[in-house]
Amino acid sequence: MVWGMSDKHAPPKNPIIVIPARLASTRLPDKPLADIHGLPMIVHVWRRAMEADAGPVIVACADFQIIDAVKEAGGDAIYTSPTHVSGSDRVFEALHTVDPLKKHDCVINLQGDLPTVDPAAVKASLLPLANAGVDIATLVSPITDAAERNNPNVVKAVLSMADGASTGRALYFSRTAVPSGDGPMYHHIGLYAFRRAALDRFVKLPQGDLEKQESLEQLRALEAGMRIDAQLVDTVPLGVDTPADLERAREILAP
């Protein structure tokens, strides 16, 4: 379930989804091409993006093998520089290539290792952008498992959010358990919807000190004074980083 989908304000009018992907991975080599029930993982992600019905979908690749896999499935994919250090940089290059006139007013950056992502959640990432003051939108889910609170692999979003609201302003992101004290804690989901101008600005920013300290790219935007709002959703998609994650994805997606 996605909270707040009846929001009366309209999200951006002409979004596009870009899925950055590359074969280089230390923990799971050739990850985008990993087989999940007869299809490469990147194709499962592309299908979830198509099912979101939030706009056209492009896979931005650093390897021609990924392009071949996506096109064989009927999708659109383009080659981007293999030297990019982040998915955001890859998305920026792809967007400049496919839409140089900037007809798309927003881009959803969907990671290529989220084969179980809920299509409704992908579309819900646009909702915070109904507020003209928001530069970047993302997703969070309430933490219900106590073990996640102190797990550094679970990124926490500190939100300013009114009681009963489905969207909150992000004040900080951390790998540690924040905020302290009683009250909700939110699991950040690494999916972003950028206004076009916000992405143009973001990729030109230097790395921030907090970004380096926490190893969290989104802190660069906050340090630069950009506004990030987060939409509440019920479930966290499985990020596939290891062989064990891949086996779990196969279980979840079993026909």
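Summary table
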| item | result |
| --- | --- |
| Within the stretch 20-54, tally of residues that are part of a helix (DSSP H, G or I) and over 16 Å from Asp241 (Cα atoms) | 8 |
| Filtered residues of the stretch 63-73 (kept if part of a helix (DSSP H, G or I) and either among the charged types (D, E, K, R) or touching a strand residue (DSSP E or B) at 6+ places or on another chain (Cβ under 6 Å) (or both)) | Ile66, Ile67, Asp68, Ala69, Val70, Lys71, Glu72 |
| Qualifying residue in the stretch 107-124 (condition: farther than 23 Å from Leu238 by Cα, modelled with pLDDT of 95 or more and not in a loop (DSSP other than H, G, I, E, B)) | no |
| In the stretch 74-86, residue surrounded by the most Cβ atoms within 10 Å (Cβ to Cβ) [restricted to those that are hydroxyl-bearing (Ser, Thr, Tyr) and not in a strand (DSSP E or B)] | Thr80 |
| Failed criterion for Ala170 (all others in (1) farther than 26 Å from His84 by Cα; (2) in contact with a helix residue (DSSP H, G or I) (Cβ under 9 Å, 6 or more places away or on another chain); (3) in a helix (DSSP H, G or I) hold) | (3) |
| Residue match in the stretch 193-201 (condition: among the aromatic types (Phe, Trp, Tyr) and under 20 Å from Ala124 (Cβ atoms)) | yes |
| Residue in the stretch 144-166 that is of a type in the set (Val, Ile, Thr), part of a loop (DSSP other than H, G, I, E, B), under 27 Å from Pro15 (Cβ atoms) and touching a residue at least 24 places away in the same chain (Cβ under 8 Å) present | yes |
| Exclusive hit being at pLDDT 95 or above, within 15 Å of the chain's Cα centre (by Cα), part of a loop (DSSP other than H, G, I, E, B) and at negative phi, set Leu199, Leu216 | Leu216 |
| Subset of the stretch 176-197 (residues that are crowded, with 17+ Cβ neighbours inside 10 Å and more than 30 Å from Asp105 (Cβ to Cβ)) | Met185 |
| Candidate set from the stretch 35-67 (those that are free of Cβ contacts under 8 Å to residues at least 40 places away in the same chain and crowded, with 24+ Cβ neighbours inside 10 Å); member that is farthest from Leu114 (Cα to Cα) | Pro40 |
| Meets criteria (of a type in the set (A, V, I, L, M, F, W, C), under 22 Å from Met41 (Cα atoms), in contact with a Pro (Cβ under 6 Å, 6 or more places away or on another chain) and in a strand (DSSP E or B)) for Ala60 | yes |
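To keep it simple, each residue is scored yes or no on (1) assigned to a loop (DSSP other than H, G, I, E, B); (2) in contact with a Ser or Thr (Cβ under 6 Å, 6 or more places away or on another chain).
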| position | (1), (2) |
| --- | --- |
| Leu95 | no, no |
| Leu101 | yes, no |
| His104 | yes, no |
| Pro128 | no, yes |
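Listed here are the residues, each with its yes/no results for (1) free of Cβ contacts under 8 Å to residues at least 60 places away in the same chain; (2) charged (D, E, K, R); (3) under 14 Å from Ala157 (Cα atoms).
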{"residue": "Arg196", "(1), (2), (3)": "no, yes, no"}
{"residue": "Leu199", "(1), (2), (3)": "no, no, no"}
{"residue": "Pro206", "(1), (2), (3)": "yes, no, no"}
{"residue": "Gln213", "(1), (2), (3)": "yes, no, no"}
{"residue": "Leu219", "(1), (2), (3)": "yes, no, yes"}
{"residue": "Asp229", "(1), (2), (3)": "no, yes, yes"}
{"residue": "Leu232", "(1), (2), (3)": "no, no, yes"}
{"residue": "Arg250", "(1), (2), (3)": "no, yes, no"}
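The values are calculated or read from the model by the stated rules, or taken from the named source; none is laboratory data. Computed from a prediction, not measured in an experiment: that's the story for all the values here. Because the Cβ atoms are built from the backbone with ideal geometry, glycine has one as well, and the counts that use them run over all protein chains shown.
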